[in-house]
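Worksheet: the structure to be examined is printed underneath.
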Amino acid sequence: MFNAKVFKAWLTPLVAVFIAFAVGALLMFLQGAHPMDAYGSLFSHGFGSWEGFAKTLGKATPLMLSGLAVTIGLRSGLFNIGVQGQLVSGALAAGWAGYAIHGLPVYIHLPIALIFGIAFGALVGWIAGALKAYRGIHEVITTIMINSIVLALVDYLAGHNFQEPGQTLARTSAVLPSATIPKIFGLPSGFFFAVLLSWGVWWVFQRTTSGFRLDTVGRNKNAAWYAGISVKRSVLIAMGVGGAIAGLGGAIETLGVIGRFEPTFNTGLGFDGITIALLGRANPLGVIPGAILIGGIRGASSSMQFDAGVAPEIVDLILALILFCVTAPFLSKWLRSTQVGAKVTSGWSN
């Protein structure tokens with residue numbers, strides 16, 4: 001049965017993708033490249049073979065979890081721009097646990113390494129949440145500043161304290177086999193876990209009182225407070241859980257894709273999560289196709305360059321256009337729905 005409301009909700013992201021690809025095709029043409037060859041290369045390398053599809057899913061996994069972290073914030077009336085810092089902190093912590101802890105079987109070592117990533121990502125997110133809840137400092141400001149601190153810190157640690165012995169690059173030693181996430185039929189198993197987690201978050205928001213509380217706070221903080229919902233606690237939960245999921249994304253990237261922590265491989269994953277969350281309309285299930293699309297573009301970008309002579313900046317521009325086209329209408333609606341009682345101050349008793 002046709003649902004006009006659902007169709008209207010998903011029309012904006014579809015139009016955004018179409019506009020971005022159309023503008024990208026025009027720029028390719030002006031550059032002298034053939035758009036059909038470029039997009040053909042993108043889909044053939046990203047989705048046309050088992051190996052390419054596996055690479056796409058590997059790229060999509062941390063992107064999906066980053067988008068999920070941003071989505072939880074948006075549903076709770078928060079704009080978590082600190083996912084990049086939360087992700088890399090989890091990636092480094094999991095990488096350290098993956099190579100520094102010895103003598104454990106895989107069924108113990110791997111969960112411990114993942115827990116390290118989750119815990120450090122949650123800690124970084126919780127700090128921004130505490131500043132929002134108890135000092136009234138806007139989460140956009142704090143997460144941007146915390147991003148800078150965390151990124152500088154992990155770069156330093158990867159290049160000094162945790163650096164691989166005898167290595168000049170800023171990276172840790174390779175994780176042990178007992179901490180490596182296995183593949184399923186050549187596909188990254190972390191992807192399937194990320195899909196299950198997305199469904200779980202959707203279920204929490206749709207079927208539980210905890211999700212209802214977060215949604216209520218996101219829609220109107222004043223009404224939530226008058227209804228007896230602790231706004232401060234909701235802010236802490238949303239930022240902490242979002243940080244934990246982002247940290248898990250970094251941990252899976254380290255343990256299941258790269259095999260070690262190396263800062264250059266994690267660049268931009270958290271920021272792409274913002275695009276995916278908005279592309280998915282802040283729906284936990286919507287981040288799944290968004291992550292697969294962006295993962296395919298990221299994974300096949302080098303093939304587009306070699307096969308069709310496309311400048312690498314055009315790929316980045318396509319992603320930026322998707323973000324631009326999908327952000328304006330969504331954020332205007334989101335800001336209108338959260339402008340009432342948007343400030344959580346230290347004077348609120350609960």
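The values are calculated or read from the model by the stated rules, or taken from the named source; none is laboratory data. A quick note: this is a predicted structure, and the numbers were derived from the prediction, not measured. Using ideal geometry, Cβ is built from the backbone for each residue, glycine included, and neighbour counts are taken over all protein chains shown.
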Checklist entry - Among the residues of the range 260-268, is any assigned to a helix (DSSP H, G or I) and either out of contact with any helix residue (DSSP H, G or I) (no Cβ under 9 Å at 6 or more places or on another chain) or modelled with pLDDT of 90 or more (or both)? => result yes
Checklist entry - Would it be correct to say that Ala119 is among the small types (Gly, Ala, Ser) and touching a Leu at 6+ places or on another chain (Cβ under 9 Å)? => result no
Checklist entry - For residues in the range 45-61 being within 29 Å of Leu27 (Cα to Cα) and in contact with an Asp or Glu (Cβ under 9 Å, 6 or more places away or on another chain), which is modelled with the highest pLDDT? => result Gly58
Checklist entry - Pick from Ala282, Ala244, Ala277, Ala251: which is under 14 Å from the mean Cα position of the chain (by Cα), assigned to a loop (DSSP other than H, G, I, E, B) and within 22 Å of Val124 (Cβ to Cβ)? => result Ala282
Checklist entry - Taking the range 138-196 as the search range and keeping residues that are in a loop (DSSP other than H, G, I, E, B) and of a type in the set (Gly, Ala, Ser), which one is surrounded by the fewest Cβ atoms within 10 Å (Cβ to Cβ)? => result Gly166
